[in-house]
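Input: a single structure, listed below in structure tokens.
The values are calculated or read from the model by the stated rules, or taken from the named source; none is laboratory data. All of these numbers come straight from a predicted model, not from anything done at the bench. Glycine also receives a Cβ, built like all others from the backbone with ideal geometry; neighbour counts cover every protein chain displayed.
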Amino acid sequence: MLNAIVDVQNYSASYGNLQVLKKLNLKIMENETYAILGPSGCGKTTFLYALAGLLPLTCQTEGELSHLKPLAVSTVLQDFGLFPWKTVLDNTLLPLTLRGRRSSSDISAAQDLLRWLKLDSHESHYPSELSGGQKQRVAIARSWLASPDLLLLDEPFSALDALTRESLQDEVLTLYQKSPLTIVIVTHSIEEAVFMGKTIILLSSKGEIKAQLNNPSFGLENAREHEIFYAQCLGIRKLMKEQTWEGGRASEKVSFSI
């Protein structure tokens, strides 16, 4: 039975007179994946930072956003967040180093992750010597090594070319299937949302949840080659183009067919 780990009730966030999130209501369940999708400026990153407890003091909030148990949270940002003076291996080990840990088993676990992510030949390299895709792999390895309960991804693949982006999406989902945890990813890409999210949450330009959708194509082998994947993408694209919403939101259990 799945357990909720985050409960969001009537949650709003504002910067001065600018409201960026409006009365959000949802539960985030343990070991599930969520994709947050919406137009620029709709509050996606603000919501991610709220989940991480990283909102700036200038942000005013109302309602409740509660972690229902103590959570270890890792965040992967768009700019990777790597220290330029540390090697790939040292950057990967950083969360454990900050906890006062760096045992031989920790190093071995980091090396295993880097090998899985095709970075084993780059352990002693510095970020300036890596491509964008390689830097993103290091950021993912670092976050995964910390064994988080909640992994937050803020448009982590947006700066990458299409093939590298798909390769990293595949690798993250394979890691998830091997070692499940709760993932929330913010993205502008409908295809990425449908590939990465078991649940897809659409935010309106006003920062409201306009739809919360179950994704029947999630986890299918070679999902991008299935008709149901493209049907889901098409349905979401149509929803995002709509100007009016019956009752303000769509059903929690919406799927699409051609």
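Below is a table of values for the structure above.
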read-out	value
Per-region count, segment 71-106, residues without any contact (Cβ under 8 Å) to a residue 40 or more places away in the chain and outside any helix (DSSP H, G or I)	7
Residue selected from segment 107-130 under the condition modelled with pLDDT of 90 or more and assigned to a loop (DSSP other than H, G, I, E, B), by the criterion surrounded by the fewest Cβ atoms within 10 Å (Cβ to Cβ)	S124
Pair list, Cβ < 6 Å and 6+ apart or interchain, from segment 25-36 residues that are surrounded by 24 or more Cβ atoms within 10 Å (Cβ to Cβ) and among the small types (G, A, S) to residues that are modelled with pLDDT of 95 or more and part of a strand (DSSP E or B)	A35/I185; A35/I200
Verdict on R99 being of a type outside the set (S, T, Y) and either buried (at least 18 other Cβ atoms within 10 Å of the Cβ) or touching a Pro at 6+ places or on another chain (Cβ under 7 Å) (or both)	no
Residue tally, condition of a type in the set (K, R) and either closer than 22 Å to A139 by Cα or in a loop (DSSP other than H, G, I, E, B) (or both), over segment 27-70	2
Top-ranked residue in segment 197-221 [being within 22 Å of S143 (Cα to Cα) and touching a Ser or Thr at 6+ places or on another chain (Cβ under 6 Å); ranked as surrounded by the most Cβ atoms within 10 Å (Cβ to Cβ)]	G197
Given (1) over 21 Å from the mean Cα position of the chain (by Cα); (2) in contact (Cβ under 8 Å) with a residue 40 or more places away in the chain; (3) under 25 Å from P180 (Cβ atoms), index of the condition R115 fails	(2)
Selection within segment 186-235 - of a type in the set (F, W, Y) and within 17 Å of L168 (Cα to Cα)	F195, F218
Residue pairs meeting the criteria (Cβ under 6 Å; at least 6 apart or on separate chains; first farther than 12 Å from V20 by Cα and loosely packed, with under 13 Cβ neighbours inside 10 Å, in segment 40-56; second modelled with pLDDT of 90 or more and among the β-branched types (V, I, T))	none
Segment 173-219: number of residues that are part of a loop (DSSP other than H, G, I, E, B), more than 12 Å from the chain's Cα centre (by Cα) and over 23 Å from A72 (Cα atoms)	11
Failed item in (1) among the aliphatic types (A, V, I, L, M); (2) assigned to a helix (DSSP H, G or I); (3) touching a strand residue (DSSP E or B) at 6+ places or on another chain (Cβ under 9 Å), with L153 passing the rest	(2)
Unmet requirement for Q136, which otherwise passes all of (1) of a type in the set (S, T, N, Q); (2) more than 29 Å from G197 (Cβ to Cβ); (3) in contact with a Ser or Thr (Cβ under 9 Å, 6 or more places away or on another chain)	(2)
Single unsatisfied condition, L24 versus (1) at pLDDT 90 or above; (2) under 28 Å from A109 (Cβ atoms); (3) not in a helix (DSSP H, G or I)	(2)
